[in-house]
Amino acid sequence: MTIHPGIPNIGDDDLHQRFAPIFETIAAGAVARERNRTLPIEEIRLLKEAGFGALRVPIEFGGLGATLRQTFELLIELAAADSNLPQALRAHFNLVEDLRLNKDEAIKARWLGAIANGALVGVAVTEPGLGAVDRYRTAVTSEGAALRLNGLKYYTTGTLYADHLLVAADQDGKRVTVLIDTSQPGVSVADDWDGFGQRLTASGTAEFKDVTVTPDRIIGPGYGTEGRVFGTAHVQLILLATLAGIAKRAAADTSGWIQTRTRTFTHAVADLPRNDPLVQQVIGQLLSAAFGARATVLAAVDELARTLDGRHQDPQQLDASELAAAQAQTTVIKLVLDAVTILFEVGGASLNSEKLAIDRHWRNARTIASHNPAIFKLRAIGAYELNGEALPYAWSAGARSARQRSN
């Protein structure tokens with residue numbers, strides 16, 4: 001029995017009514033959690049029980065059956081409440097899309113059913129140091145008749161909130177995806193992410209020591225396998241939806257603060273900040289950035305929806321959705337970073353107060369924008385247009401050997 005029964009032909013109003021009160025609750029505690037580094041475990045529980053993780057699970061498997069656009073609209077709203085949460089759920093939503101397209105009906109039914117009943121999934125792909133430019137150091141190896149998983153991962157986003165964990169590993173020279181339980185013996189997860197933003201995403205270190213793996217838990221090729229995939233556009237767009245939500249909250253927080261403020265400068269052109277045309281201009285930029293970021297993200301989401309709607313093996317359509325995500329990335333990052341930087345111009349040093357925590361918007365946006373650096377995407381877009389150079393899909397990060405640098 002599912003904890004959140006599906007609704008046939010679920011509409012935007014139904015979804016809003018279902019999740020808006022939860023988003024309000026999450027937003028109410030966001031500043032306190034930020035100040036105290038309190039992980040949003042209770043907030044994750046509220047989302048699970050309402051079926052947020054099962055938004056894209058088809059109704060026949062017990063999910064809500066939301067469209068891709070509806071899901072991303074809600075991810076933007078969730079990001080406006082607390083930007084840590086959409087990023088923490090990024091791998092989870094990507095797995096759901098993988099499962100929707102899986103041709104193995106047994107795997108599809110098993111895991112979509114589990115997600116419909118509230119299961120959440122985290123991710124462990126990136127490795128410290130050498131990384132996986134050549135091959136993963138995290139590996140599945142045979143020990144008699146048994147399989148064992150050993151290795152170390154970093155940037156394991158969402159792991160502390162998850163029931164299961166997607167691990168990218170090497171098995172006999174091939175990249176594979178292993179789905180393990182976070183409660184299994186030999187699995188340890190640390191909240192040691194030390195970035196100045198997105199502090200509550202649980203993006204720290206995960207270690208695996210002789211974790212038992214059964215063959216049915218090796219569910220497909222691993223991240224970084226050559227070829228076109230929809231997943232890189234999908235996970236990038238979740239980051240961009242998070243940026244759009246940050247812009248929305250930054251605009252609301254700054255506007256609300258200005259509306260009640262009476263202090264201004266002797267050389268200002270109005271007695272009250274809210275009547276000052278320069279301040280009004282900044283607020284206009286904030287609101288416009290939030291609008292533009294949301295519209296750009298959803299336009300790219302619509303392109304990705306065409307890919308997922310039966311065209312996920314069409315090379316041209318895969319390129320179209322990957323290109324849309326890359327172009328959206330370079331557009332949204334500039335819109336949002338410019339906005340969350342200029343907002344500090346409206347209030348002087350008063351806006352630096354830790355009690356307000358307005359700085360979290362810049363820190364969080366800057367941190368998200370550092371993922372998959374935009375300079376590389378800009379070059380890729382230009383090379384694709386000018387020379388037909390293949391777009392980079394599931395690339396890896398790490399130290400490159402002399403042999404790799406020379407190729």
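The values are calculated or read from the model by the stated rules, or taken from the named source; none is laboratory data. Note that the coordinates shown come from a computational prediction; the quantities given were computed from them, not determined experimentally. Cβ atoms come from the backbone with ideal geometry, glycine included; neighbour counts cover every protein chain shown. Quick note on the areas: whole protein, heavy atoms, side chains included, nothing else; ligands and nucleic acids left out. Shrake-Rupley method; radii C 1.70, N 1.55, O 1.52, S 1.80 Å.
What number comes out for accessible area per residue over the chain if the probe is 1.4 Å? Units Å², please.
Spelled out: the 1.4 Å probe surface of the chain, per residue, equals 45 Å².
If you wrap a convex hull around the alpha carbons of segment 104-262, what volume per residue comes out, as a whole number of Å³?
Value for segment 104-262: 158 Å³ per residue.
Give the Rg/Rh ratio for segment 1-92, taking Rg as the radius of gyration of the Cα atoms and Rh as the Kirkwood radius, to two decimals.
0.97
Output needed for segment 250-301: three equivalent-ellipsoid semi-axes, defined as square roots of 5 times the C-alpha gyration tensor eigenvalues, in descending order, whole Å.
Each semi-axis is √(5λ); the values are 29, 10, 6 Å.
Could you sort 261-269, 309-317 so that the peptide with the highest average Cβ count within 10 Å comes first and the rest follow in order?
Per-residue Cβ counts within 10 Å, averaged per peptide and sorted highest first, yield 309-317, 261-269.
Could you pull the accessible area for K334 with a 1.4 Å probe, rounded to 10 Å²?
Looks like 130 Å² after rounding.
Probe radius 1.4 Å, ligands and nucleic acids ignored: give me the carbon and sulfur share of the accessible area of the chain as a rounded percent.
C and S fraction of accessible area: 53 percent.
Return the whole-Å distance between the Cα centroid of segment 157-191 and the Cα centroid of segment 201-276.
When both Cα centres are located, 23 Å separates them.
Can you pull the one-decimal nm distance between simple spin-label points at T141 and D210, each 7 Å off the Cα toward Cβ?
Simple spin-label model gives 1.2 nm for this pair.
How much length, in nm to one decimal, is gained on full extension between Q280 and A252, taken as 0.36 nm per residue of separation minus their Cα-Cα distance?
8.8 nm
At 222 nm, what helix-only mean residue ellipticity would the chain give, in deg cm²/dmol to the nearest 500, using -39500 (n - 2.57) for each DSSP H run of four or more?
-16000 deg cm²/dmol
Normalising by the residue count of segment 185-259, find the relative contact order in percent from Cα pairs under 8 Å and 6+ residues apart.
So the answer I get is 22 percent.
As a test, work out the antiparallel percent of DSSP beta bridges whose residues both lie in segment 83-184, rounded to the nearest 5.
Here the share of antiparallel DSSP bridges comes out near 70 percent.
Please report, in Å, the Rg and the Dmax of the chain, where both are computed over Cα atoms only.
21.9, 79
Can you give the Kirkwood hydrodynamic radius of segment 44-84 from its Cα pairs, in Å with one decimal?
10.6 Å is the Kirkwood radius here.
Can you list residues from other chains, or at least 5 along the same chain, whose modelled amide H is less than 5 Å from the amide H of V123?
T157, T159, L166
With a Förster radius of 60 Å, plug the Cβ-Cβ distance of R261 and D134 into 1/(1 + (r/R0)^6) and report the FRET value to the nearest 0.05.
Plugging the Cβ-Cβ distance into 1/(1 + (r/R0)^6) gives 0.60.
On full extension of the chain, what length is gained from I375 through A268, given 0.36 nm per residue of separation minus the C-alpha to C-alpha distance?
In short, 34.7 nm is gained.
If you bin the C-alpha pair distances of segment 305-407 every 5 Å from 0, what whole percents do you get?
Over segment 305-407, the share of Cα pairs per 5 Å bin runs 2, 10, 15, 15, 14, 13, 10, 8, 6, 4, 1 percent.
Within the chain, how many Lys pairs sit with Cα atoms under 22 Å apart, leaving out pairs fewer than 8 places apart on the same chain?
Here the count comes out as 8.
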